[in-house]
Structure formats: C-alpha cells, structure tokens
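The values are calculated or read from the model by the stated rules, or taken from the named source; none is laboratory data. Note that this is a predicted model, so its numbers are computed, not measured. Cβ atoms come from the backbone with ideal geometry, glycine included; neighbour counts cover every protein chain shown.
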C-alpha cells in the first residue's frame, strides 16, 4: 500500500464529485456530489497524516473538522433547497435565475 | 415701646443671649421637607396628575395634608419647648456673599407653616367640589400646589435671596391662577395687572435686598441682626433706605395703598384661589416680611424712623380701601376690598410695634377670610353669578353656607367673642398705647382711622350679608346647598373663625404671643395685662352701629317690589309679574369717587399703562425693528452669502469627486454583469477553472 494509491483514490473521488456538481441539475444531487468531493479531501488528509507519521495527528483532526463542516453545510444546503422547492415546486438549479441581470 | 433710642439697643444687647429655646431635634432637622414636598408635588402633578386617582387633586391635597400635619406637630413642640433653629446648604458664592438654601424653624415660620398647611388643606378639599368639570382641572391643581409651595419657600427662608425666590414663585403661581379662565380677555388683563403691579414693587424689594446686603455684608437674617447688635455703621447709615425699599416690596405683595389696585381684580381667578390668596398665601407675604425683619424696623438707629410711614400707609389703606367695599356689587370684590382693609390693620400694627397683635390678626384673618371666600364661592356655585343683584334670600336655600358665613362676618367685623374681636382689639389697643405713651401723631391718626374702619367694615359686611342671604331671591337659577365636600371645609373654618381668638386674650392667655415671639432675636413689645375696657366700650358700639346702619339701608324691609301686568288673551286672569329690587343709594360727589375707586386705576391707566402701551411701546418697536434688528440682519445677510459660495463649491467640486467614483463603479458593474448569465453550473465550472489556474501558477513559479 503506497501513498500513490490513496492519492489516486482521492483524485478519482474528487473528479467524480466535480463531474456530479457540473452536470446534475437537481440541487439535492449537487449537494450529494459536494459531499463526495469533501470525502475525497478527507481521504487525502488521513493518507498524508499516516504517511508523514505526524505525532499530533493534525491531518486526522482536520478531517474531523471537515466532517463536521460537511454536516453543517448539508444541513443548511438541504434547508435552502427545501424552501426553494416549497416556493417554486422545483429543485432544478437551471431555473434559479432570479438574481440574473 | 421705649421712647429714646439708645436704651433699647442696650437692652437688646443685654437680653440677646437670654432667649432659651430647644432646637427641635430631628423634627426641625427635617423641616426642609415642608417647602420641598409641595414644590416637588406641583411638578409631579404636572407630569403624572392626569393618570393619578382624582386627576391630581389627591396628590395636591396629600402634599398640603403633609404640611398641615407637620405644622401642627411643630406647633405643639414649639408651644412646649420652643424651637429656634436654622440650617442651610451653600448653593453658590458671589463675591463675599454666600448664597444659601435652607429652612428657618422658629415661632414665626412655624405659625406660617401651620396656617398655610391647615387653611390650604381645607381650601384644597373644597376645590375638589368647586372645580369639578373644569377643563384644566389637573393644571389648576399643579399651579395651586406651586402657589402654596412658593409661599412655604418664602416663609421658610433664612435669607433674603430665598425669600425673593419664594416671593417670585408665589407671584408667578398667582399669575397662572388669576388667569385660569383665560378664555376671557378680562381675566388675562387681571392676571397681567397683578403681575405687573407686583413687579413694580418687586423692583424695590430687589433694590432693598441689595442695599441691605451691601451695607450688612450678608443676606442672612440672623447675621443681619448680629451686625445690628454689633452696631454696624454702614447698616445704620443705609438702614433707612434698605428698610424703605423692602417695605415698598411688602406694600406690593400685601396690596397696600397705592399698590392695592391688583388685588380686587385678582378676583378673576377661581374662588378657591381667592380664598387661599387672601387667607394664608400671597398677601400675607408682605406682613410676614415686616415681621421677619421686625427687630430691624424696631430700632431707631436702623429703620425705626420708617414706622411713621408704615403706620400712615397702613391706616390710609385700612380706611379708604374699606370704603370702596360699600359700592361693590360683586360679592368677591366686597371681600377683596375688605382684605385690603384688614391688611392695612396688619401693616399699621407692624408700624406701631405691635408684632404679635399684627401677626395675630393675620392668623385669625386667614381663618375668617378663607371662610368668607369659600362661603361666597359656595353661593356663586349655587346661583351662577358673582353679583349680589342675582342673590338674596339664600338663607333658606343654603343653611350651612349661611350660618358659616354669618360666623365669618361676626369674626371679621369683630363681634365678641369671635376671633376678629380679639385680634383687632389688640391692634387698636397697641396703637392707642403707642399714641398715649409716645404721643405720636401717626398713632393717633391710626387709632381714629382704625375705629372708623371698624364701623365701615361692619357697614359693608351687613350690606353684603343682607343682599345675599336675606329678603327675596332675585336670580334665575334654582339655588341649592353645596355638596358636603364644600360645606365641611366651611364648617371647620367656621370653628377656626369662632375660636382662634381665644389664643390671645389680654391678661388671660398669651399662647399666640408665646408662639410667635419664640425667635432667636428678642422681640420688644408692650404686653397687655388686661383688655382695654375703654377701647372695647368705644369699638363694640361702633361696630354695632355699623351693622345697624347697614341693616337699615339694605335690610329686606327696603325691598322694592314692582308688579307689572303682562299682556294675555284671558282678560279675566291677567298674568302678574313681580320683580324685586334692592335700593341703591347715590350720594353726590362721594359715590362717583368710590365707584371709580378714587380714580387711582384710571390714573395708572392714563399715566402709566397707556403711554407705555402706546408711544413708548411703538418707539421701542421701531428701535427694535430698525436698530437692534439691523445687526442680526447684517450678520444673517453675510452668512447667507458665504453659504451661497459654499454651496457652489460643494455642488461642483466636492460632489464631482463622488459622482465620478460612483460612475466608474457603475460602469464596471455594467461590464461585469455580462459575465454572469445566471447558470449555476457555469459559475462552478468557472470557479474551478480559477482554482486550477491558481494552482498551475503556483506550481510553475
């Protein structure tokens, strides 16, 4: 098990997430894709932490922060999506162009 | 009374340290509450009165009730142990003069606390009934409380400055109250007249205070007396002028001739105001000032030589102003001239050195004149008219008012054993004593006019009594007895009018003399061991003669009945209309003079008021418009031009910078918004591309 395998896994996951964000039109799925990107970052953080054998486990601690942040982001994001859905009966992001010039 | 000057001063110097009295302890220590509570309450009523129970009446009456209770307690303690103390706090310093605020608690001020508290409390209770339905009910009680509070500030003053503050508070409150019904211009004029007349006299009061302070080096009464005993030469030199100017101030407030003109017009205010103004506050202030400074007016080295003037002014006032009451038809004006006349007695008493007699008359007068005014108010309330032509026969409709008014009348004219008998007799006896012992012409003048004044008093009071309560009712409104909230104060004041005279019976009791002579400075006056039988034998028949003459001329037997047969269709039963009139008498020369009030009001109007309001006012307006206004106008013009220049700079230069900045921002925004078509995916892709670009740059360099 080398570090390269983990980096490749992280990069693959990030790419999948990014692809999801850019192609999906349903806001819920976009949020899910963002979660995948955050998970990819977490993989990298933990992998480098173990690789560098950091005594303070900074990478793992940081990964915990990212998880907490992801939870908060998902909560708020889904709440926003819910409100939009209630008002417009749709969660399609292409239709959210009210603020456009 | 000591004839020569020097022995008296020596006597006072020897006896000065012998006045023994307690300091009143905690009770006197908190006496500063007496003026403070009504003053604070006046403002509290102003702000919160409308939301309080009884809309301010309750708060006002509570304040006066507090003063009454405190006054009674102080009086009881004073009669047992004597209280002479004063305390003050410094509020400022002007040169060598310290301005102090404090309270003096001695017999004299306690007597005034007692009087203002008790009479004020009863008048306030009565006002609840009288003022009911008034559109400015709460405002009335706010200013009424200020009136009583100002008087308490005045009488508690240990120095001339605080006295002047109280003096002016009373003046401004009286202005507000006399002009209470300001919808009628007449009442506003009356308020202005009272205020202006008082201001003329007040100018003299201020000058007097300044002369006094400049010569004695202090405003404090106690220190002035100390300087007197020390034989301060400056004070002795200027004493006459200080005394004269202060006396002129007292003449204004106490409505002495020739400053009496405001008081009868002050009847324009609501009747409770007249009652309190004539009984305990306002007009007694002048007599109080003379009493407070009595030692100063007593010593020939200082202002003693003024006494002749004081006696003559008092005597003229008591006789000639009494005469005016005979021709008045307004019942309140009859009583007003009567007050002026009685104030003449008090002032003249101060002039002949009858300190306790003058104050005793002030004390008893407060009860019976308060009573008479409240009785008149009750009548006015019932018949809706001030004029006696609309009254008559009210004895049957208003028994309580009638009997209490009768007691008040008996006390005022001086019938045995009512209050006025004892107090007036003491004044006349003092004048007579002074006249015989010192052979003073002024004192003889006063004795003669006092006895004549007693006749006049009896004469006009019998006229008023008969025209109001006897005979046939001539008004149009059905009269009724007033409510108990108005009659109970009448009854209580009637008790005072009947019995307060017993406090000072020569030879028997001298409670009142002991009360008011409890002062830090010994009061030298003649003490009567027995009633003067000779004077009583003269005065009482004179009073009875006056009453008899009044009854003879205006009694119900003099009623003129006119019967007219009205036009009617039924010839067999013609409609009879009966009108009743009271006789009017006209004496050539005398009646026109009296009706026109000796032409004094006209003289002031033509000699002072009209020129002031006419040419002088016009000239002042012209000077104001053309000379004084020119300066601010010029300044204003200059400012305007500077401002116009500034505006040009502001609109072109300063605003330009901001307009340019705003325009640039706007243009940038217009360009940038082209990049944002509103597609979320595009935004994400662009930001990701940006991140990739930054990372690429980071790696390359």
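A few notes on this one:
- Highlighted here would be helices (runs of 4 or more DSSP H) found entirely within the stretch B:251-347 that include at least 3 residues which are over 23 Å from residue B:196 (Cα atoms) and under 17 Å from the mean Cα position of the chain (by Cα), but there are none.
- Breaking point among (1) more than 30 Å from residue B:514 (Cβ to Cβ); (2) under 22 Å from the mean Cα position of the chain (by Cα); (3) buried (at least 24 other Cβ atoms within 10 Å of the Cβ), for residue B:363: (1)
- Sole residue being more than 30 Å from residue A:96 (Cα to Cα) and at pLDDT below 90, chosen from B:660, B:636, B:607: B:607
- So residue A:15, is it part of a helix (DSSP H, G or I), within 14 Å of chain B (Cβ to nearest Cβ) and surrounded by fewer than 14 Cβ atoms within 10 Å (Cβ to Cβ): yes
- The stretch A:22-59, residues that are outside any helix (DSSP H, G or I) and either within 14 Å of chain B (Cβ to nearest Cβ) or in contact (Cβ under 8 Å) with a residue 40 or more places away in the chain (or both): A:24, A:25, A:26
- When residue B:229 is tested against the conditions (1) in contact with a strand residue (DSSP E or B) (Cβ under 6 Å, 6 or more places away or on another chain); (2) surrounded by fewer than 23 Cβ atoms within 10 Å (Cβ to Cβ), the lone failure is (1).
- Count - residues of the stretch A:60-101 that are more than 14 Å from every other protein chain (Cβ to nearest Cβ) and farther than 24 Å from residue A:36 by Cα: 4
- Residues within the stretch B:484-509 that are surrounded by 15 or more Cβ atoms within 10 Å (Cβ to Cβ) and in a loop (DSSP other than H, G, I, E, B), tallied: 1
- Residue pairs meeting the criteria (Cβ under 8 Å; at least 6 apart or on separate chains; first farther than 20 Å from residue B:256 by Cα, in the stretch B:197-215; second not in a helix (DSSP H, G or I)): B:212/B:219; B:213/B:97; B:213/B:219; B:215/B:232
Residue-by-condition table, conditions (1) under 30 Å from residue B:199 (Cα atoms); (2) touching a residue at least 12 places away in the same chain (Cβ under 8 Å); (3) within 14 Å of chain A (Cβ to nearest Cβ):
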| position | (1), (2), (3) |
| --- | --- |
| B:613 | yes, no, no |
| B:617 | yes, no, no |
| B:633 | no, no, no |
| B:647 | no, no, no |
| B:666 | no, no, yes |
| B:683 | no, no, yes |
| B:696 | no, no, no |
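- Any hit, the stretch B:317-329, residues being in contact with a strand residue (DSSP E or B) (Cβ under 8 Å, 6 or more places away or on another chain) and modelled with pLDDT under 90: yes
- Residue that is surrounded by the most Cβ atoms within 10 Å (Cβ to Cβ), among those in the stretch B:671-681 that are at the interface with another protein chain (Cβ under 9 Å from one of its Cβ atoms) and part of a helix (DSSP H, G or I): B:680
- The single condition among (1) surrounded by 10 or more Cβ atoms within 10 Å (Cβ to Cβ); (2) on the phi < 0 side of the Ramachandran plot that residue B:657 does not meet is (1).
- Count of the stretch B:74-120 residues which are in a loop (DSSP other than H, G, I, E, B) and touching a residue at least 60 places away in the same chain (Cβ under 8 Å): 5
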